[in-house]
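Since the structure comes first, as structure tokens, the remarks are kept for the end.
The values are calculated or read from the model by the stated rules, or taken from the named source; none is laboratory data. Just so you know, these numbers come straight off a predicted model, no measurement behind them. Positions of Cβ are generated from backbone atoms using ideal geometry, with glycine treated the same way; all protein chains shown enter the neighbour counts.
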Amino acid sequence: MARHQVIAEIRNFISAYLAEILLARCVGCLDRAFDSAETTLASVLAKARFWDEHAEGKLGDRQRLIVSRLLNGFQGKLTSSKYAILAKCSQDTATRGGILGRRWRKAHSLHCQPRGA
């Protein structure tokens, strides 16, 4: 085999190998993008279902704000102090009439998943 033929064969092999690597990376990236989109869509649909189920409910503005925060992946434990800060109300109001109140928790069940689950 002539030297130029060997060089041409090596170039063809390298080109094919690099194309295969590039294709594998692109397919992997596309797969991750689909997984991410699927997760986001599932979250959006879960929120829409929740609000559809509770459209007739008598949620106040503060409660709606806090429930929205919970559905959007609130991190940590929701205490009456945090509720009061988020809803811009007194701690007594947060405990008495908020979603932390026993009556509200019994009447409404939140079906939300923690972020990343």
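Being of a type outside the set (G, A, S), assigned to a helix (DSSP H, G or I) and out of contact with any Lys or Arg (no Cβ under 6 Å at 6 or more places or on another chain) is the filter here; which residues of the range 53-82 pass it? Steps first, please.
Here is the first cut: in the range 53-82, the residues of a type outside the set (G, A, S) are 53-54, 56, 58-59, 61-67, 69-72, 74-75, 77-79, 82.
Checking the rest, the ones that are also assigned to a helix (DSSP H, G or I) come to 53, 61-67, 69-71, 82.
Matches in the range 53-82: E53, D61, R62, Q63, R64, L65, I66, V67, R69, L70, K82.
Say we look at the range 58-88 and pick out the residues that are of a type in the set (G, A, S) and farther than 22 Å from V44 by Cβ; which of these is nearest to the chain's Cα centre (by Cα)? Walk me through it before giving the result.
In the first step, residues of the range 58-88 are kept if they are of a type in the set (G, A, S); the result is 60, 68, 73, 76, 80-81, 84, 87.
Those left that are additionally farther than 22 Å from V44 by Cβ: 60, 76, 80-81, 84, 87.
Details: G60: 25, G76: 16, S80: 25, S81: 25, A84: 25, A87: 23 Å.
Among residues in the range 58-88 that are of a type in the set (G, A, S) and farther than 22 Å from V44 by Cβ, the one nearest to the chain's Cα centre (by Cα) is G76.
Select from the range 1-24 the residues that are of a type in the set (K, R) and surrounded by 10 or more Cβ atoms within 10 Å (Cβ to Cβ) and list them in ascending order. Can you show your working first?
Within the range 1-24, the first condition is being of a type in the set (K, R), and the residues that meet it are 3, 11.
Answer for the range 1-24, where residues must be of a type in the set (K, R) and surrounded by 10 or more Cβ atoms within 10 Å (Cβ to Cβ): just R11.
Here are A94, A48, A84: which of them is surrounded by 15 or more Cβ atoms within 10 Å (Cβ to Cβ) and at pLDDT 85 or above?
A84
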